Each structure stands twice: as structure tokens, then as C-alpha cells.
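Taken together, the values in this text are just the output of simple stated rules run on the coordinates, not laboratory data. The model shown is predicted, which means the values in this text are computed figures rather than measured ones. Neighbour counts are summed over all protein chains in view; Cβ atoms, including those assigned to glycine, are modelled from backbone coordinates with ideal geometry.
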Amino acid sequence: MKSLAVLHASQLVTLAGPQQPRVGSDMSDLAIIRDGGMLITDGKIDIVGSSDRIERNASSAEIIDAGGRVVLPGFVDAHTHLVFAGNRLDDFERRARGETYEQIAKAGGGIWSTVEKTRAASGDELFAQAQKRTEWFLRCGTTTVEAKSGYGLTVEDELKILRVMSRLNEETPLEIVPTFLGAHAVPREMDADEYIELVIDEMLPRIATEKLAEFCDVFCERGYFDVKQSRRILTAARELGLRLRIHADQLTNSGGAKLAAELEATTADHLEKTDEQGIAAMKSVDVQPVLLPGSVYALGSTDYPRAREMIETGLAVVLATDFNPGSSPTPSMPMILSVACTQMKMSPEEATTAATINAAYSLSRGSNIGSLERGKLANFSIFDCQDYREIAYWFGIPRTHSVYLRGKRVAGA
Ligand code: NIG
Ligand code: FE
């Protein structure tokens, strides 16, 4: 039995509370312990309390002195596109010159250009590129990411991407929750109906049989998959036992949030263009909104989703990076917290809840991660600050001191 004692956190931000996603004013209750500590045994949290109490129980434990810094649960990033080849620097420059995401996609950039590079890459090459990125996430204090396929768009290339994810799960410390996003775009070599048949008849059954994904997602958007097509794919996925997430209403208010409610999806993601009816529909079956302000920022838009209305309606809001080469090339949850507070008027408390415990519930892992409570995995970060609000306040400079997963240091000093 290996014991570790974390002592002297200026603030141990536990997020202890009800065993369910947090809504309304509960999103502002972080259950902070001043001069706090934790006793960890075999990678799990055993006792959480004042440093004095932990010290009294820590006779044979290795000591981690937080030295008056902030300790936070590892961030749970519930929406990323982690595995792809290359980058989209040309798109980035074209946007800087004033072209839009949709114009660039039509002119040969966009998702399709990443699909071509990803198809050409071997599993080993994709693994090497994604492995590097797992280190970026860990360095930013993220210990779990959801990761979507979607840059392959053939049976073999989608499977190749999902297999890279399971290898990353085994060979890197970062925990990865795989999502199948075969319906990310229609590949150039076939029409939409043909491709949807391929997704439903070949990709989904293989992925379900080989247990390569926990969730299925669809890019429900003008020019990608409409509501009817998205419904077909997601219904087939649900019948195979996958849970559902949807890219909804990102560029146009096209009924994605309502479809998420109709299908009782676990999450509806993006929601930049969702109106009050979409919000009410999500509330009727408690779909969790996953807000991705990094993509709004990086696309140079100011059209942020209506976070305040969603919180006031009682939805269990989640924040995530949307890490991808096109619309949101950041692995940094601290950056996302900054944008959430300054642009969407979420409070630092709400943003912290959205990036940890609520995100954990959205990945069906609320009883294992997302807060610092007895019995949960010892996934946590020490931040080089005295007040947790500094994490969102100082932007553009990494403040992580060290990061731990199951009680093992995986980044930092
Ligand atoms: O979530 N919206 C669709 N997918 C990504 C963008 C992917 C890309 O541009 O490569 C997103 O923003
Ligand atoms: Fe996305």
C-alpha cells in the first residue's frame, strides 16, 4: 500500500457536493478548504480535510507540500478532436485576412484538408503526433479528455483513428474517452446518402463490436448533416448501445439542440446559435450543454453561446476546449476559463464547476473523477497561485506547478 499526503494547499478546491451534475447556485459552491490537504492511498483519495488532520493520519506517507498553492481536481475536457495529422496554418492565415470558416472550407481548406492528411498518415505517425499533444493537455492541468474520430471518413481510417486513441489510453498517462464522429463531413468520393449508409451499415457495427467508442457524435449543420440525416445516424448508434453527443447549432440555428432533446442525448455541444426554444427543449430532458468558447474566439467571432440563460434555466453547463486544428487549436482549459468569464459572463466558480465535476458527469464518470472526494481517483493539479480565481485571471501564461493522475506526478516539478 502506497500512501501520499498532500499538505498546505492555500485552497483545496474540492467541489465536494451532491452526487449529480451541478445546476443553478450549486455551480457556485466549490467547497474550498483553506490550508487543506488529502491522504491518498493506492491512487485513490482516502481523506480530505485540513492539513492538520491529514498530517495526523500521514505517519508513513510520502509528503507533497503544496506550499500555499492552489490544488484543484484535474480538468475534464469533454470535447476534443485529439487525433489528426498536421495543422491548418493556411486556414489560420486566410481567416486573419478576413475569409470565413465556411468560405475556406469551400475553397479546399477546412475539415477536408485535414482528412486528406490524416488518411495519408500511418497509425504510428498519428500516434506520435497525438502523443505530443497529450503532454500539452497534461501540462495545462487536464487529466481526462473526450476525443472524437472524424478525420478519416472511410471504414479503415475511422478505425485507425479510434485504435490510436486506445493505444494512447494504454501508453500515455492521459485518460481518453473515445467518441465516434464518422459523420463529421461527407467525403468527396461519395454523396451524403451513400456515406450515411456506410456509417450505419459498416462503421457503427464494427465500432460497437470492437468496443472502440463510448459515444457517437454528428456534425449537425448546414452543408454537413441535416437534422433528418443526423437523427438516422444517432438512432442507429443508440440501438448499438452508444451514448450520444451532437455538434449542434454552431454556425446556424438548425435544430441541433432540439434534436439532442428529442433523442435524449447526453450532451449538445457548441450551441452558439441556439435560441430560447432550444434551451427549453434541452431543459425538458436535462441534456448537458457543452460550451466551446475557444472556437468562437479562434474563429474571430463574437457570437458566444448564451451561457447565462442556460445556467439560469438550470442546465448543468460544461466547458471544453474543442481542441482541433481548424476552429480551436488550444489544449488549455485555463484559457477556456478566461474566455468563459470575460466573454460569456460566467463567474470563476461556475466556470470551474463546468470544467471539472459537470464535465465528468457528461462523460458518465461523475462518481470517479471531477472532484476531490473520498473514493475518487487522485487526479489533481497544483497551481502556482494563492486564489483559484487567478487561474482564469492571468491569461496566456501557464500557472500549473505540477499535475498528478492516480497519485502519480505526470507533469511539472
Ligand atoms: O467542433 N464543427 C465541427 N468540427 C470542429 C471543427 C473541425 C475542423 O475545423 O477541423 C469543431 O469546431
Ligand atoms: Fe468539435
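Need one number: the % of Cα-Cα pairs in the stretch 268-317 sitting beyond the 17 Å mark. Percentage above 17 Å: 27. The largest-to-smallest principal axis extents of the Cα set in the stretch 274-413 are 47, 35, 29 Å. Candidate cross-link partners of K283 among the lysines, defined by an alpha-carbon separation under 19 Å and a same-chain spacing of 8 or more, comprise K258, K273. Working from Cα pairs under 8 Å separated by at least six residues, relative contact order for the chain is 21 percent.
Pair-distance distribution of the stretch 75-362: all C-alpha pairs, bin width 10 Å, starting at 0; shares per bin in whole percent are 7, 31, 40, 21, 2.
Which value at 222 nm does the chain reach when only helices count, each DSSP H run of 4 or more adding -39,500 (n - 2.57), with the total divided by all residues and rounded to the nearest 500 deg cm²/dmol?
After summing the helix terms and dividing by the residues of the chain, the value is -10000 deg cm²/dmol.
For the Cα trace of the stretch 146-251, dividing Rg by the Kirkwood Rh returns an Rg/Rh value of 0.95. Counting other Cβ atoms within 10 Å as a rough exposure proxy, the listed residues R163, R374 run R374, R163 from fewest neighbours to most.
Summarising the label geometry, the points placed 7 Å from Cα in the beta-carbon direction at A192 and K408 lie 4.6 nm from one another.
Neighbour counts of C-beta atoms inside 10 Å place S371, S230 in the sequence S371, S230, starting with the fewest. The relative contact order of the stretch 233-307, computed from alpha carbon pairs under 8 Å that lie at least 6 residues apart in sequence, is 26 percent. Summing Cβ point charges (Lys, Arg +1; Asp, Glu -1) relative to the Cα centre of the chain gives a dipole of roughly 760 debye.
Normalising the Debye intensity of the stretch 1-112 to I(0), with uniform scatterers on Cα atoms only, and taking log10 at q = 0.19 Å⁻¹ returns -0.94. Bridges between two residues of the chain, per DSSP, are antiparallel at a rate of about 45%.
Per residue, the average separation of C-alpha pairs within less than 8 Å and at least 6 apart gives the stretch 30-170 a relative contact order of 25 percent. Proximity of backbone amide H atoms, modeled 1.01 Å from N, is registered between S254 and D249 at under 5 Å, excluding neighbours fewer than 5 places apart on the same chain. Computed from the C-beta positions of E55 and T342, the FRET efficiency with R₀ = 56 Å rounds to 0.90. Distance between the modelled labels on E125 and N169, one decimal in nanometres: 2.6 nm (7 Å Cα→Cβ projection).
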